[in-house]
Every structure is written in C-alpha cells, then in structure tokens.
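In what follows, a structure is listed as structure tokens, so that the remarks can point back to it.
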Amino acid sequence: MSIRHGLLALLERGPRYGSQLRTEFESRTGSTWPLNVGQVYTTLSRLERDGMIVQEGADDAGHDLYAITEDGRTELRTWFETPVDRTNPPRDELAIKLAMAVGAPGVDIRDVIQSQRHHTLKAMQDYTRLKAQALADVPANRDEVAWLLVVEQLIFQAEAEARWLDHCESRLVRLAEAAATEPSAEPGPAATRGAARALAGRTRSRR
C-alpha cells in the first residue's frame, strides 16, 4: 500500500494539510487501511525532502498547506503508468502458517484450514453486505466510487483465498490416501510424507 503515492494523488487536486489528507485518504479507501496523523506527516516530510511537494502557506485556521511540485506530478504519473510488481510478493501470513503446519507435531492442518475458511467466508459475507449498502444508491461522487472498487477487491480476494483453502484440503486428502497405500520408502520430502501419513491416520479415525 503506497501511502506516498496516495498522498501525491490527493495533492494533485490542490493544496491540503496533514489531517485533511488523512481524512480524504480514508474516505477514498473506506478506512480499509487507516492512517494515523504521524504516518501522514512523516510521509509528507519525506516527500518534501525529495522535492515532490512544498509547503505553501497556511489556511485561515493556521494549518500548514502542502502542494505538489512538477517532480511530484512526474512521480505520480509514473506510478499510475507502472504495473504493480507481482514478481516479489509480500509475505503472506496464511501461506506461511500452512507451510509450517505441514508435518508440525501436534497440529492438525485440516483444523487450521477449516478455521481459516470459516473466518474468510464470514469476512466475504461482511464485505458483500458493505457492497450492497454502497449500491443501494447510485454512487454520488468519486469517493463513493473509489470505496466501491476497494470493497469489490476485498470480496474477490476473499473468494480467491477460500478457493485456495479448498484446494489445499483436497491436495492433503490425496496425499493422505497415497501415503496410506504406498510403501514407507516412497521418495519425496520427509516432512510432506510424514504429514500425509499422519493425515491419513486422522482421516481413517474420523470415518
């Protein structure tokens, strides 16, 4: 999430002060990624240092105003024109958790998957309700349209995660069935074979 570029995009519309930028940022994203004022002013300080913005006086209430520079506009255009890099994805806690759960002593990975799936489906339902509320009236301004795009992305993300969890469970069941019938000398990673055999035992015990 690029706070830096988000603030530049808001400043493109005209000079703003720190807490105003925070309010408008959260309005655009439906407070999905809340900011604190400290984050905003730290980012503004770095943007000013890099020549992307300048201080431009104050408003009637005495708030220091910031304005975007030509360098800032160039940086913003480059951000909009450059695809988000997916070749170096951020760490995903759920993927790490399931990877570590494979073969972990005393951990039933199916319970981990089922618990997460319940949480993910509930989140998807909550997001869907938010979308329905947003569509009850035709979006009246760009902030409402922007929030609708964000909440739809959250819905699609939750749907994809739920499908991936289903896939993980199916794969583990297939491995468990194979481990129950194949000899112990079967080649392959020891942790995966061990997890599959353990799951095979649990699968038989639950039948």
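Its convex hull of Cα atoms gives region 65-141 a direction-averaged projected area, equal to a quarter of the hull surface, of 10.2 nm². Using every pair of distinct Cα positions in region 91-179, the Kirkwood expression returns a hydrodynamic radius of 15.0 angstrom.
Provide the packing ranking of 142-155, 58-71, i.e. peptides ordered by the mean count of other C-beta atoms within 10 Å per residue, highest first.
Numbers: 142-155: 15.5, 58-71: 13.6.
Ranked by mean Cβ neighbours within 10 Å, highest first: 142-155, 58-71.
Using a probe radius of 1.4 angstrom, the carbon and sulfur fraction of the accessible surface of the chain is 54%.
I need the peptides 126-139, 33-46 ranked by packing, meaning the mean over residues of other C-beta atoms within 10 angstrom, with the highest value on top.
Details: 126-139: 12.9, 33-46: 14.7.
By packing density, highest mean first, the sequence is 33-46, 126-139.
The Cα atoms of the chain define a convex hull whose projected area, averaged across directions, is 16.7 nm².
Dividing the helix sum by the residues of the chain, where each DSSP H run of 4 or more adds -39500 (n - 2.57), gives a mean residue ellipticity at 222 nm of -22500 deg cm²/dmol. Remark: the chain carries 63 Å² of accessible area per residue (probe radius 1.4 Å; ligands, DNA and RNA excluded). For region 1-60, the fraction of C-alpha pairs more than 15 angstrom apart is 44%.
The values are calculated or read from the model by the stated rules, or taken from the named source; none is laboratory data. This one's a predicted model, so the numbers in the text were calculated from it and none came from an experiment. Methodologically, a virtual Cβ is constructed for each residue, glycine included, from the backbone with ideal geometry; neighbour enumeration extends over all protein chains shown. Keep in mind that these areas ignore ligands, DNA and RNA; they rest on the heavy atoms of the full protein, side chains included. Shrake-Rupley method; radii C 1.70, N 1.55, O 1.52, S 1.80 Å.
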